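These notes concern the structure reproduced below.
The values are calculated or read from the model by the stated rules, or taken from the named source; none is laboratory data. In this text, all values refer to a predicted model and were calculated from it rather than measured experimentally. All Cβ positions, even for glycine, are placed from backbone atoms using ideal geometry, and neighbour counts span all protein chains on display.
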Amino acid sequence: MTTSALSQRKLAPWLFLAPGILFFLFYVIFPIFESMQISLYAWDGLGDKTYVGFDNYVELVDDEAFYTSLKNNVIWLVLYMLAIPAGLFIALFLNQTVTGIRLYKSLFFFPFVISQVVVGLVFSWFYDPSFGLLNVGLKSLGLDPIAVLADERFVTYGIIAAGLWPQTAYCMILYLTGLNAVDPEQIEAGRLDNARGWKMLWYVVLPQLKPATFIAIVVTVIGALRSFDLVSIMTDGGPWGSSRVLAFYMYEQAFSEYGFRMGYGAAIAVVLFLIMLVYISGFLFKMYKDEQER
Amino acid sequence: MFPAPIERQNTAIQTLYKTALPIALLLWLLPLIAVALTSVRSAGDITAGNYWGWPTTFNLIENYTAIFENTPIGKYILNSFKVTIPTVAGAVALSCMTGFALAVYGFRGNILVFFMFVAGNFVPFQILMVPVRDLTLQLGLYNTVTGLALFHIAFQTGFCTLFMRNFIRALPRELIEAARVEGVSEIRIFWYVVLPLMKPAIAALSVLIFTFIWNDYFWATVLTQGADTQPITAGLYSLNGQWVAAWHLVSAGSIVAALPPVAMFFLMQRHFIAGLTLGAVK
């Protein structure tokens, strides 16, 4: 091999990487650190920044609204996980070969393709206290209507239910693909050993669906922590801020109608980032292990 | 196959399954069906509270013309295309190159660069919000379609790189080795050997990114304002504020907003699912 070919091969990857890396650094990586820095300042986004040390974080500790958001984030994280068994259930239901099943699968996947803005509007309407389908149903059962989105007790659960609709569709498609790749010989062997139903699912099928489950967990956690759209559209954080999540509260503070508080918003974002970092590290660690095995 | 194929069961169970399918689908899509029906209702139906019954008249043309004539929804849709198409092209182009570099060359720092893209792809948007808005302001691109598209290109490059790199890694290495032995330059290997093989990956990523960007709401509200630049997601939100209780119009607007990604999904279904389920199978 000539030396020019060798040096070309040393240089080539960096030339291919340069545009992508530059874009990514300026718009994604640097801003993470900038936000951390901004969180140490009081800043209205226009004038001068004033260094305040950890004051923003100290304020957070006493901020009732911060705890409400944090608590709601935890509820989101826990309940969003229901999308995984629900998605698996639908995938098992649809994993047949009757005529037209392909169309059924695509139509079941529908909610994931449409925007969360549309999902939010659809569900606000579903919950409407005077004519929403939920209350039409409750009335026909002789129950009093519930104003889900105006009631502090129910509002977060109502929004999560809306979010679970597309998320379940997403998990379903992951499992459908996974089920396609399940080794039929192992299933047959299981049948010969008299494994059926739950036993088969638990001991033979689920272990083979591990990669699908892993991806489903990853996307569901991210989806739960990114829950901004639905909150913004369905309730705008209300009533009285009871449906806020960190992602929404951060936006609200940074662009508050009482003056932009970029520093305080950034501090909230840093907390959210640290929560996410736990998952990111876990994901990278698993990827690293997989890479080593190859 | 699991569960056991329904054909092996007796006819009663088969019939049960075949009736359960459409009922389940109907329940699953009930909210959407209601929206579609409402989008053709008359204002009279809405005031009379006929939301869930059969529409008394079908005002398909009236309602849909009304939203296009009386609101800037056409503009919003156009803006969405103006943001989405360049983003798809840009992110796919950048990630073809980054994916190629990371999959083919075993240079030092490879895994670090790769992990940077993967990790960045998962960060919550809020930690980027203030600096990205500031950067866009400084570039003079605040409230422009370009400013929004540039950010989307950068951010989506993370996910696209992960996708492309794994795809190229699964290609037979011998092809590249053989070309090298022939003395083909690296750029020509990329262009003539690898790129033609990446067509399915490019198709899959394109539909996926199209849907993601079309449906983006957060960045649209952070980086743009007003009907001249806002995409349909943000537009729908502000229209919803104007159309208080005009649910037939809200529904028609929602259907219009949902149509392009839905059409994309049905046209390119195979690619879409291939893209989405990357990694779900070993």
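Structure above, values below:
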quantity: Among residues of the stretch B:196-222, those that are farther than 17 Å from B:Gly275 by Cα and either β-branched (Val, Ile, Thr) or part of a helix (DSSP H, G or I) (or both), counted; calculated: 6
quantity: Test: A:Gln292 is without any contact (Cβ under 8 Å) to a residue 24 or more places away in the chain, in contact with a Phe, Trp or Tyr (Cβ under 6 Å, 6 or more places away or on another chain) and more than 7 Å from chain B (Cβ to nearest Cβ); calculated: no
quantity: Elements of type helices (runs of 4 or more DSSP H) contained in the stretch A:197-249, each with 2 or more residues being touching a Phe, Trp or Tyr at 6+ places or on another chain (Cβ under 8 Å), modelled with pLDDT of 90 or more and of a type outside the set (Asp, Glu); calculated: A:210-225, A:229-234
quantity: Cross-chain or 6+ apart pairs with Cβ under 7 Å, the stretch B:1-29 first and under 23 Å from A:Pro111 (Cβ atoms), then part of a helix (DSSP H, G or I) and among the β-branched types (Val, Ile, Thr); calculated: B:Tyr17/B:Ile6
quantity: Single match in A:Val245, A:Val271 (criterion: among the β-branched types (Val, Ile, Thr) and more than 16 Å from the chain's Cα centre (by Cα)); calculated: A:Val271
quantity: Set B:Thr233, B:Thr221, B:Thr211: member being facing another protein chain (nearest Cβ under 10 Å), free of Cβ contacts under 8 Å to residues at least 40 places away in the same chain and closer than 23 Å to A:Asp229 by Cα; calculated: B:Thr221
quantity: Residue match in the stretch B:55-68 (condition: free of Cβ contacts under 8 Å to residues at least 40 places away in the same chain and among the acidic types (Asp, Glu)); calculated: yes
quantity: Long-range neighbours under 7 Å by Cβ, at least six apart or interchain, first residue away from every other protein chain (no Cβ under 12 Å) within the stretch B:163-186, second part of a helix (DSSP H, G or I) and surrounded by fewer than 16 Cβ atoms within 10 Å (Cβ to Cβ); calculated: B:Leu171/B:Leu197
quantity: Condition met for A:Asp229 (surrounded by 22 or more Cβ atoms within 10 Å (Cβ to Cβ) and among the acidic types (Asp, Glu)); calculated: yes
quantity: Residue in the stretch A:234-244 that is facing chain B (nearest Cβ under 7 Å), in contact with a Leu (Cβ under 9 Å, 6 or more places away or on another chain), buried (at least 24 other Cβ atoms within 10 Å of the Cβ) and closer than 24 Å to B:Ala234 by Cα present; calculated: no
quantity: Qualifying residue in the stretch B:53-72 (condition: among the charged types (D, E, K, R), part of a helix (DSSP H, G or I) and within 30 Å of the chain's Cα centre (by Cα)); calculated: yes
quantity: Residue in the stretch A:81-117 that is farthest from the other protein chains (Cβ to nearest Cβ), counting only those that are under 18 Å from A:Ala224 (Cα atoms) and either of a type in the set (Val, Ile, Thr) or surrounded by fewer than 21 Cβ atoms within 10 Å (Cβ to Cβ) (or both); calculated: A:Met81
quantity: Residue list for the stretch A:118-146, filter: in a loop (DSSP other than H, G, I, E, B) and either touching a residue at least 24 places away in the same chain (Cβ under 8 Å) or touching a His at 6+ places or on another chain (Cβ under 7 Å) (or both); calculated: A:Tyr127
quantity: Residues that are farther than 15 Å from B:Trp52 by Cβ, modelled with pLDDT under 85 and crowded, with 16+ Cβ neighbours inside 10 Å, drawn from the stretch A:121-146; calculated: A:Ile146
quantity: Leading residue by the ranking (surrounded by the fewest Cβ atoms within 10 Å (Cβ to Cβ)) among those in the stretch A:245-289 that are among the β-branched types (Val, Ile, Thr) and at the interface with chain B (Cβ under 8 Å from one of its Cβ atoms); calculated: A:Ile280
quantity: Residue within the stretch B:124-138 that is surrounded by fewer than 15 Cβ atoms within 10 Å (Cβ to Cβ) and not hydrophobic (A, V, I, L, M, F, W, C) present; calculated: yes
quantity: Among (1) more than 9 Å from every other protein chain (Cβ to nearest Cβ); (2) at pLDDT 90 or above; (3) out of contact with any helix residue (DSSP H, G or I) (no Cβ under 6 Å at 6 or more places or on another chain) - the single one B:Val145 does not satisfy; calculated: (3)
quantity: When residues of the stretch A:35-57 are limited to those that are hydrophobic (A, V, I, L, M, F, W, C) and within 12 Å of A:Phe260 (Cβ to Cβ), the one farthest from the chain's Cα centre (by Cα); calculated: A:Leu46
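The rows are residues; the columns are (1) at the interface with chain B (Cβ under 8 Å from one of its Cβ atoms); (2) part of a loop (DSSP other than H, G, I, E, B).
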position	(1), (2)
A:Pro31	yes, no
A:Asp44	no, yes
A:Tyr67	no, no
A:Lys71	no, no
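Conditions (1) in contact with a Ser or Thr (Cβ under 9 Å, 6 or more places away or on another chain); (2) part of a helix (DSSP H, G or I), marked per residue:
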{"residue": "B:Gly235", "(1), (2)": "yes, yes"}
{"residue": "B:Gly241", "(1), (2)": "no, yes"}
{"residue": "B:Val244", "(1), (2)": "no, no"}
{"residue": "B:His248", "(1), (2)": "yes, yes"}
{"residue": "B:Ser251", "(1), (2)": "yes, yes"}
{"residue": "B:Ala263", "(1), (2)": "no, yes"}
{"residue": "B:Phe266", "(1), (2)": "yes, yes"}
{"residue": "B:Phe272", "(1), (2)": "yes, yes"}
